[in-house]
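**Q** Quick one: structure below, then a few questions.
The values are calculated or read from the model by the stated rules, or taken from the named source; none is laboratory data. This structure is a prediction, so every number in the text was calculated from the model and none was measured. We place every Cβ from the backbone using ideal geometry, glycine too, and count neighbours over all the protein chains shown. Note: areas computed on protein heavy atoms with side chains; ligands, DNA, RNA excluded. Shrake-Rupley method; radii C 1.70, N 1.55, O 1.52, S 1.80 Å.
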Amino acid sequence: MAFLVLLAGCGKDPEQQTDAELGLNAQQAHGRRVFHLYCAICHSAYSSKGMKGPSMKGLYKKEYLPSGLIANDRFVEQTIVRGRNMMPPLGNSLNPQQVEDLIAYLHTL
């Protein structure tokens, strides 16, 4: 019985799960697609292991962003749109709705 309980806790890798399996609403699901197109090359979503850039896992569960700024929508949006340090600005690549959707998705990590 204990084995079954442990086995039940071992779910699929969130990266391999569908939007529905992750419980994402339409906005978050769109933000997930934006993340995969523009962010996943440098940032991991579900692993705490960093890549070229820091992991986004638990981004809003922390008090501060990796940059040292407060972890809130204002500073996350600022970083996405204007860039920071090695991160290029995406303000010319993403429209305001895509930025909002991306932020909604980041809240789910």
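**Q** Please determine, by comparing only the residues of segment 30-53 that are closer than 20 Å to Gln97 by Cβ and free of Cβ contacts under 8 Å to residues at least 40 places away in the same chain, which one is least open to solvent (accessible area, probe 1.4 Å).
**A** Ala40
**Q** A follow-up question, please. Taking segment 54-83, which residues are open to solvent by 20 Å² or more (accessible area, probe 1.4 Å) and on the phi > 0 side of the Ramachandran plot?
**A** Gly68
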